[in-house]
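Each remark here refers to the structure printed beneath this line.
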Amino acid sequence: MLSSSYEELRSKLLSREISCEDVARQYIERIDAHRGDNIFITVFHAEALERARSLDRKLSEGGVPGRLFGLPMAIKDNISMKGAKVTCASKILENYESVYDATAILRLEAEDALFLGKTNMDEFAMGSSNENSAFGTVPNPFDKNRVPGGSSGGSAAAVANGLCLVALGSDTGGSVRQPAGFCDIVGLKPTYGRISRYGLVAFASSFDQIGVLSRNTDDAALVLQVMAGKDEHDATCSRHDVPDYAAESSSVGIEGLRIGVPKAFFPDNLNSDISGIVKGKLHELRDRGAELVDIELPESDYAIAAYYILVTAEASSNLARFDGARYGYRSSDAADLSSMYVNSRTEGFGREVKRRIMLGTYVLSAGYYDTYYKKAQQVRRVFQDRYREALEKVDVIAGPTSPFPPFGIGDKTGDPLEMYLADVFTVPASIVGMPAVSVPVGLDSLGLPVGMHLICNFFEEGKLLGIAKMLQRRT
Ligand code: GLN
């Protein structure tokens, strides 16, 4: 029997009702049974069992079990683990093995987490459907003809299908929250800088954050607790103290809680099921003592426009390092140095990644820098100011995670702009750098998951998870 929370699993492990080896075997068996779904890119068959046995030995020899003792985890394949492949779901890194561990991984490992494998994703985390992967599409756990969301689609599907208890993703504009919403689980993006990015392959460095996908908010709080905090390997990692998230989240009360409801997150053309379910939940909270406050925020469309200028600019620079010389794939069709660069990148990168490198190069070019890049930076500042002001008046900002339910595989691949709109409600928190979470709140008329999206002020992850916990439905 699979446990539905780490607390439950931990008590079975510590009372020796089951062993870590049993846990590893069970989960690996399930992962193998789902092989056709492309959820994992690498499975740690031997390593997970070996690690589980050593954890069992530690316990039987009287060692003190770590805070994540035996927690079965999956890791998005853009997070480095020493000796394991880190493909970013790209052909260009298909055979690339990491030579070091990400800081987040080292911290999880030090608390005895059990790693099961690396999960599928959109190539270099660019996408909202997992369809931009060089390793196949992943079916949505609720309807196999639909997408699981992206870019952390493999991690979300792994948690939702019970192939791990908690997974790591990365979130640049919604890649943890949107797939969590599509797969009926919890997805947390912490404050920018809360978790070290050391070892996370860079997409857009001023946005990227490692995030947590889990079945409940308590597991998210625990895993965040372990990973958060300063790191000398990442200059943008915050030195802000890490509070006790479990304590903070359980001290949030509903009486008098001020929930900001911006018009910008409930446009007139919003899917009616989604709008109905999310508003219904908000009314429930009001009936339980919370106060709903109408607030004004800038239209989210501007956030999307600014986001796709800024992240493509940063990506064009970050991805310059994949040149066929230093990392991964090298074209065999190379007459000289320049054709080696060009052909390696042409053959190694997928369509969306190339599109973004070209867009980013364009918006940074001397002739257009002021028109696009500089303007987008100004928009970013306006969003930061307006969100800060809003959060002086309310405790949390609420809305739907996605404007539409999980869509069909292939439905949006022909039109990149349509795909970009999938993140219209998640991108603002990424632009401002505030923590945000998607929490499952219901199923629509087709039985597809609906997520609610909450944003709190900088470093208020404890409060954010406490509020999310009040809303969470059992999944
Ligand atoms: N879907 C968004 C994009 O394609 C977000 C990706 C992410 O958060 N990594 O950029």
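The values are calculated or read from the model by the stated rules, or taken from the named source; none is laboratory data. These figures come from a predicted structure and were not determined experimentally. All Cβ positions, even for glycine, are placed from backbone atoms using ideal geometry, and neighbour counts span all protein chains on display.
Some points to look at:
- Test result for residue 229, within 16 Å of the ligand (Cβ to nearest atom) and of a type outside the set (A, V, I, L, M, F, W, C): no
- Taking the criterion of being within 16 Å of the ligand (Cβ to nearest atom), within 21 Å of residue 26 (Cα to Cα) and not hydrophobic (A, V, I, L, M, F, W, C), the residues of the range 134-161 that qualify are 154, 155.
- From 325, 315, residue being touching a helix residue (DSSP H, G or I) at 6+ places or on another chain (Cβ under 8 Å), at pLDDT 95 or above and either over 26 Å from residue 429 (Cα atoms) or aliphatic (A, V, I, L, M) (or both): 315
- Each residue in the range 114-133 was checked for being within 19 Å of the chain's Cα centre (by Cα) and away from the ligand (no atom under 13 Å from the Cβ), and 6 of them qualify.
- Unique match (being of a type in the set (Ser, Thr, Tyr), in contact with a Pro (Cβ under 9 Å, 6 or more places away or on another chain) and surrounded by 24 or more Cβ atoms within 10 Å (Cβ to Cβ)) among 175, 196, 151: 151
- Flag for residue 315 being under 30 Å from residue 471 (Cα atoms) and among the small types (Gly, Ala, Ser): no
- Of the candidates 300, 316, the single residue that is touching a residue at least 40 places away in the same chain (Cβ under 8 Å), touching a Leu at 6+ places or on another chain (Cβ under 7 Å), under 24 Å from residue 204 (Cα atoms) and surrounded by 15 or more Cβ atoms within 10 Å (Cβ to Cβ) is 316.
- All of 16, 10 fail the test of being out of contact with any Phe, Trp or Tyr (no Cβ under 8 Å at 6 or more places or on another chain) and either surrounded by fewer than 19 Cβ atoms within 10 Å (Cβ to Cβ) or of a type in the set (Lys, Arg) (or both), apart from 16.
- Elements of the type strands (runs of 3 or more DSSP E) sitting completely within the range 186-287 and holding at least 3 residues that are more than 30 Å from residue 85 (Cβ to Cβ): these cover 258-262.
- Residues within the range 208-233 that are closer than 18 Å to residue 10 by Cα and of a type outside the set (Val, Ile, Thr), tallied: 10
- Positions within the range 107-156 being among the basic types (Lys, Arg) and closer than 21 Å to residue 448 by Cβ, in sequence order: 144, 146
- Odd one out for residue 83 among (1) under 24 Å from residue 195 (Cα atoms); (2) in contact with a helix residue (DSSP H, G or I) (Cβ under 7 Å, 6 or more places away or on another chain); (3) in a loop (DSSP other than H, G, I, E, B): (2)
- Residues being aromatic (Phe, Trp, Tyr) and farther than 19 Å from residue 224 by Cα - total across the range 418-475: 2
- Selection of the range 172-200 for residues being more than 11 Å from the ligand (Cβ to nearest atom) and farther than 15 Å from residue 451 by Cβ yields 190, 191, 192, 193, 194, 195, 196, 197, 198, 199.
- Given (1) loosely packed, with under 13 Cβ neighbours inside 10 Å; (2) without any contact (Cβ under 8 Å) to a residue 60 or more places away in the chain; (3) over 24 Å from the mean Cα position of the chain (by Cα), index of the condition residue 362 fails: (1)
- Residue identified as buried (at least 24 other Cβ atoms within 10 Å of the Cβ) and of a type in the set (D, E, K, R) among 143, 122, 112: 122
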